[in-house]
Amino acid sequence: MGNCYAAYRLGKLCFEGKAIPKNVPGAVDHLTASAEQGNPFAQYVYLDGREVPQDLDQAWDWFSAAAEQGNEYAQFFLAHFNDTQSSYASGHHQAASPPGADLPG
């Protein structure tokens with residue numbers, strides 16, 4: 001994949017299944033390729049476990065990479081990781097988010 005942002009957008013489209021047929025394995029492939037190329041927005045895929053199995057260790061690694069690139073949401077998330085991890089363990093999938101923070105679309 002040449003453009004990490006194009007791979008990210010294609011991965012999102014594959015997850016959504018709106019403009020193109022839903023394809024979760026393809027979405028994971030595109031988002032992983034984008035994340036490996038350094039796109040901090042693609043590095044959130046393993047957190048919530050809605051479309052892929054939740055993997056908090058992998059989520060931590062990707063959020064750390066995003067935070068190192070200056071991603072403020074990832075920095076905030078890492079600062080509150082234990083709170084969020086407890087929330088996920090108890091079945092409450094509402095991660096804390098900083099005021100005004102929107103996940104990229």
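Just a few scattered comments:
- Neighbours by Cβ (under 9 Å, 6+ apart or cross-chain): first from the range 2-30, in contact (Cβ under 8 Å) with a residue 24 or more places away in the chain and farther than 18 Å from PRO40 by Cβ; second open to solvent by less than 50 Å² (accessible area, probe 1.4 Å) and aliphatic (A, V, I, L, M): VAL24/VAL52
- Within the set VAL24, VAL28, VAL45, the sole residue that is more than 11 Å from the chain's Cα centre (by Cα) and on the phi < 0 side of the Ramachandran plot turns out to be VAL24.
- Matching residues in the range 58-86 - criterion: being open to solvent by 70 Å² or more (accessible area, probe 1.4 Å) and at pLDDT 85 or above: TRP60, ASP61, GLU68, GLN69, GLU72, GLN75, ALA79
- Hey, ALA33 within 20 Å of GLY17 (Cα to Cα) and either in contact with a helix residue (DSSP H, G or I) (Cβ under 9 Å, 6 or more places away or on another chain) or at pLDDT below 85 (or both) or not: yes
- Residues that are acidic (Asp, Glu) and closer than 13 Å to LYS12 by Cα within the range 25-80 comprise ASP29, GLU51, listed in sequence order.
- Output for the range 11-27, where each listed residue is out of contact with any Asp or Glu (no Cβ under 8 Å at 6 or more places or on another chain), assigned to a helix (DSSP H, G or I) and surrounded by fewer than 22 Cβ atoms within 10 Å (Cβ to Cβ): LYS12, LEU13, GLU16, PRO25, GLY26
The values are calculated or read from the model by the stated rules, or taken from the named source; none is laboratory data. Predicted model only: the values in this text are computed from it and were never measured. No Cβ is skipped: glycine too gets one built from the backbone with ideal geometry, and neighbour counts run over all protein chains shown. Note: accessible area is taken over every heavy atom of the protein model, side chains too, but ligands, DNA and RNA are not part of it. Shrake-Rupley method; radii C 1.70, N 1.55, O 1.52, S 1.80 Å.
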